[in-house]
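See structure below.
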Amino acid sequence: MSAIRPRTLFDKIWADHVVEQLEDGTALLYIDRHLVHEVTSPQAFEGLRAAGRRVHAPGNTIATVDHNVPTSGRREGIKEPESRLQVETLQDNVREFGVPFFDILDERQGIVHIVGPEQGISLPGMTIVCGDSHTSTHGAMGAWAVGIGTSEVEHVLATQTLLQKPAKNMLVEVNGTLPAGCTAKDVVLAIIGKIGTAGGTGHVIEFAGEVIRNLDMAGRLTVCNMSIEGGARAGLIAPDETTFAYIKGRPFAPQGEDFDRAVAYWKTLPSDPGAHYDTVVRIDGAEIQPMVTWGTNPEAVLPITGIVPNPDEVQDEAERVQMQRALDYMGLTAGTKLTDIPVDVVFIGSCTNARIEDMRAAAAVARGRHVAPNVRALVVPGSGLVKTQAEAEGLAEVFLEAGFEWREPGCSMCLAMNPDKLQPGERCASTSNRNFEGRQGKGGRTHLLSPAMAAAAAVTGRLTDIRELV
Amino acid sequence: MQPFTVLTAIAAPLPMANVDTDQIIPARFLKTIKRSGLGKHLLAGHRYDDQDQERPDFVLNREPYRAAEIMIAHENFGCGSSREHAPWALLDFGIRSVIAPSFADIFHGNCFKNGILPVVLPRSVCDQLMEDAKLGANARITVDLERQVVVRPSGAEIPFSVDHFRRHMLLNGLDEIGQTLARTAEIATYETARHTAKPWMPSISL
């Protein structure tokens with residue numbers, strides 16, 4: 001009997017999608033799902049038009065608008081001319097090329113990475129791409145999902161394939177049990193704090209271990225969402241009963257007997273015992289604490305009980321200069337307790353944390369409390385369906401009574417491409433994924449944290465250890 | 001795409017690690033439906049002050065670096081988003097090659113699609129090149145993709161490696177889509193086999 005080499009989940013998905021093996025390891029890979037939004041697609045459609053090409057497989061493609069859309073008063077249209085042009089350009093392109101589309105007033109519209117799983121469009125074993133780095137989110141379904149540039153968007157539209165070299169396999173295993181107050185967001189921030197923003201470069205990260213297994217799908221989507229913040233284009237989690245139960249009955253998922261046949265296939269996907277990983281990282285879940293970032297990239301993260309670090313204690317000169325620059329930008333002084341840092345704005349939303357479970361977690365903290373004076377707090381659901389459900393569950397009312405703004409779905413204040421942005425110098429507790437300089441608005445200062453921690457900061461007016469409030 | 005063969009040019013030193021795509025081209029400049037015109041916004045937060053005036057001490061605002069075609073940086077250049085506006089902004093400014101100890105994956109791939117050559121060299125070598133670059137117009141650096149060497153102003157040659165397939169595409173300025181469309185038959189064969197193996201696979205239709 002000849003032994004078959006044990007394979008990882010990623011190895012299996014890769015092998016299943018090779019159209020043609022080319023020289024030097026490069027493969028032509030088939031793409032099952034292509035998600036399209038208004039920011040990274042106009043030049044791609046323009047390229048198709050100029051070359052007289054068509055969209056190869058509209059049935060593998062779904063488009064929506066998210067980055068530019070205002071999160072209030074959208075029935076009156078988009079006021080900002082450049083944003084309006086991008087949205088109108090996508091509307092024209094999907095019509096011309098026959099691409100399925102959730103338009104701005106469709107209840108299914110939302111952040112593309114919320115919409116895919118919610119609609120059952122993103123499924124286990126698939127290859128999924130989108131012109132957006134947070135496409136890694138969909139890996140939580142047990143798929144290989146990567147962000148691509150606009151040239152590749154055009155390539156996928158025209159050919160339904162992508163030229164790729166296989167990534168290395170990295171296993172991040174989080175074992176044990178999470179302490180109270182810790183969520184998926186804290187897990188992934190702790191992972192990035194450990195491996196660094198380039199730790200996963202060249203790798204696909206498979207998240208595993210008891211802590212990951214015990215996460216619901218919302219939590220798994222949060223973890224995979226931030227794979228790219230650890231340098232990995234893709235992060236994934238083996239599909240299991242939690243995954244199958246989540247998918248069952250969703251509008252674009254296989255139905256009836258087809259669902260059962262799909263599950264039979266999906267069950268073959270998890271990594272084989274003994275599969276080889278090029279890099280292995282193990283983290284004790286019991287040691288994770290509620291996390292918050294203090295600097296200008298996501299690895300600049302500490303437990304909320306920590307203090308702002310001191311550049312003078314850093315050996316490497318370039319690193320020291322960089323840390324000082326980050327502190328200057330953030331307006332922070334070494335030695336300050338993180339819980340003494342006041343906030344001006346709180347943003348609960350983004351493809352990282354705008355699912356119904358995130359709304360519930362934030363509302364549980366907001367209930368019966370009130371947003372602190374001088375704090376502006378926004379809650380932005382990830383899709384029209386999340387918004388409707390939150391309203392049906394009474395969560396919107398909880399937020400409004402507590403003094404939060406309850407808004408319409410979109411990327412909102414994650415990236416300052418729409419009216420929701422920070423003013424220079426404003427400090428924000430944010431459930432989004434990037435704390436880069438200027439990310440939430442020119443001169444804006446971002447502290448990344450979980451939805452519960454964000455709600456806690458809103459009601460106290462400062463970064464707060466959620467464990468003080470529950 | 002413009003082929004990349006040999007480039008001898010002024011190099012701008014940017015001694016920073018983790019230069020993310022939000023720094024290279026902030027999101028507020030992504031609201032364009034064109035590829036061109038982003039050069040003036042390249043590294044906007046570093047180049048311009050709060051009144052949108054040039055910061056005179058920033059490298060790209062100084063001579064001769066306004067004419068730089070090579071950029072030298074530290075680790076993890078281009079981390080963050082997938083926005084191809086980042087290489088578009090570099091290209092529109094005039095940068096054809098970036099030399100750094102490491103690059104983020106998506107940015108690295110995006111460069112090749114736009115005729116920009118990212119060159120990975122050890123930090124110590126990048127620091128040497130950074131010192132060369134500080135000498136300005138008298139110290140041009142050569143990036144030779146044909147021979148896969150970087151040539152210092154002293155004439156010293158530093159070899160670098162590059163993916164064979166990407167090198168071929170870049171040297172010849174080839175259109176990837178055109179190449180792949182020549183494989184339409186293979187794609188059709190795959191799609192037939194996929195339909196047989198996964199008949200449950202839904203097609204998206206509204």
**Asked** Hey, among the residues in the range A:16-43 that are among the small types (G, A, S) and under 23 Å from B:R167 (Cα atoms), which one's surrounded by the fewest Cβ atoms within 10 Å (Cβ to Cβ)?
**Response** A:G25
**Request:** Say whether the condition of being more than 8 Å from every other protein chain (Cβ to nearest Cβ), part of a loop (DSSP other than H, G, I, E, B) and either within 21 Å of A:T159 (Cα to Cα) or over 24 Å from the mean Cα position of the chain (by Cα) (or both) is met by at least one residue in the range B:187-200.
**Result:** no
**Prompt:** Can you tell me which residues in the range B:148-183 are part of a helix (DSSP H, G or I), at pLDDT 95 or above and within 8 Å of chain A (Cβ to nearest Cβ)?
**Reply:** B:I177, B:T180, B:L181
**Complete:** Filtering the range B:130-147 down to residues that are farther than 13 Å from B:L7 by Cα and either buried (at least 23 other Cβ atoms within 10 Å of the Cβ) or polar (S, T, N, Q) (or both) yields B:A133, B:N138
**Prompt:** Quick check, is A:A264 among the hydrophobic types (A, V, I, L, M, F, W, C) and over 27 Å from A:L178 (Cα atoms)?
**Reply:** yes
**Item:** Set A:V39, A:V19: member being facing chain B (nearest Cβ under 10 Å), assigned to a strand (DSSP E or B) and either over 24 Å from the mean Cα position of the chain (by Cα) or among the β-branched types (V, I, T) (or both)
**Value:** A:V19
**Message:** If I filter the range A:53-97 down to residues being within 10 Å of chain B (Cβ to nearest Cβ) and in a loop (DSSP other than H, G, I, E, B), which single residue comes out as farthest from the chain's Cα centre (by Cα)?
**Reply:** A:R53
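Output the residues belonging to the range B:104-123 that are touching a Gly at 6+ places or on another chain (Cβ under 9 Å) and either over 19 Å from B:A68 (Cα atoms) or not in a loop (DSSP other than H, G, I, E, B) (or both). Give the derivation first.
Just the residues of the range B:104-123 that are touching a Gly at 6+ places or on another chain (Cβ under 9 Å), to begin with: B:104-111, B:113-115, B:118.
Passing the criteria: B:A104, B:D105, B:I106, B:F107, B:H108, B:G109, B:N110, B:C111, B:K113, B:P118.
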**Item:** Any hit, the range A:215-230, residues being touching a Ser or Thr at 6+ places or on another chain (Cβ under 9 Å), within 9 Å of another protein chain (Cβ to nearest Cβ) and among the hydroxyl-bearing types (S, T, Y)
**Value:** no
**Fill in**
If we keep only residues of the range B:51-99 that are more than 14 Å from chain A (Cβ to nearest Cβ) and assigned to a strand (DSSP E or B), then the residue surrounded by the fewest Cβ atoms within 10 Å (Cβ to Cβ) is B:E54
**Message:** For the list (1) surrounded by 24 or more Cβ atoms within 10 Å (Cβ to Cβ); (2) among the β-branched types (V, I, T); (3) over 17 Å from A:D11 (Cα atoms); (4) more than 9 Å from chain B (Cβ to nearest Cβ), I need the number of the one condition that A:T159 fails.
**Reply:** (4)
**Prompt:** Is there a residue in the range A:316-332 that is farther than 22 Å from A:N435 by Cα, surrounded by fewer than 22 Cβ atoms within 10 Å (Cβ to Cβ) and of a type outside the set (S, T, Y)?
**Reply:** yes
**Message:** Quick test of your reading of the structure: A:A262 fulfils all but one of (1) of a type in the set (G, A, S); (2) in a loop (DSSP other than H, G, I, E, B); (3) touching a Lys or Arg at 6+ places or on another chain (Cβ under 9 Å). Name the failing condition by number.
**Reply:** (2)
**Any hit, the range A:391-408, residues being out of contact with any Asp or Glu (no Cβ under 6 Å at 6 or more places or on another chain) and closer than 18 Å to A:P117 by Cβ** = no
**Request:** Can you confirm whether the range A:140-152 contains a residue that is surrounded by fewer than 24 Cβ atoms within 10 Å (Cβ to Cβ), within 22 Å of A:G59 (Cβ to Cβ), facing chain B (nearest Cβ under 8 Å) and more than 19 Å from the chain's Cα centre (by Cα)?
**Result:** no
**Request:** May I ask you to list pairs of residues, at least six apart or on different chains, whose Cβ atoms are under 8 Å apart, with the first in the range A:413-431 being without any contact (Cβ under 8 Å) to a residue 60 or more places away in the chain and assigned to a loop (DSSP other than H, G, I, E, B) and the second being hydrophobic (A, V, I, L, M, F, W, C) and crowded, with 21+ Cβ neighbours inside 10 Å?
**Result:** A:A416/A:L422; A:A416/B:A27; A:K421/A:M413
**Item:** Residue in the range A:331-349 that is assigned to a helix (DSSP H, G or I), under 25 Å from A:K421 (Cβ atoms) and among the hydroxyl-bearing types (S, T, Y) present
**Value:** no
**Request:** Could you figure out which of (1) free of Cβ contacts under 8 Å to residues at least 24 places away in the same chain; (2) away from every other protein chain (no Cβ under 14 Å) isn't true of A:D358?
**Result:** (1)
**Message:** Being assigned to a helix (DSSP H, G or I), surrounded by 23 or more Cβ atoms within 10 Å (Cβ to Cβ) and either within 12 Å of chain B (Cβ to nearest Cβ) or of a type outside the set (F, W, Y) (or both): is that true of A:I128 here?
**Reply:** no
**Item:** Condition check for B:L38: more than 7 Å from chain A (Cβ to nearest Cβ) and either surrounded by 22 or more Cβ atoms within 10 Å (Cβ to Cβ) or in contact (Cβ under 8 Å) with a residue 40 or more places away in the chain (or both)
**Value:** yes
**Request:** Answer with yes or no whether A:P100 is crowded, with 17+ Cβ neighbours inside 10 Å and closer than 20 Å to B:P202 by Cβ.
**Result:** yes
**Complete:** Just one listed residue, out of B:L117, B:L90, B:L171, is farther than 30 Å from A:H67 by Cβ, of a type outside the set (V, I, T) and touching a residue at least 40 places away in the same chain (Cβ under 8 Å), and it is B:L171
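The values are calculated or read from the model by the stated rules, or taken from the named source; none is laboratory data. Remember, it's a predicted structure, so these values are computed and weren't measured experimentally. Every residue, glycine as well, gets a Cβ built from its backbone with ideal geometry; the counts of neighbours run over all protein chains shown.
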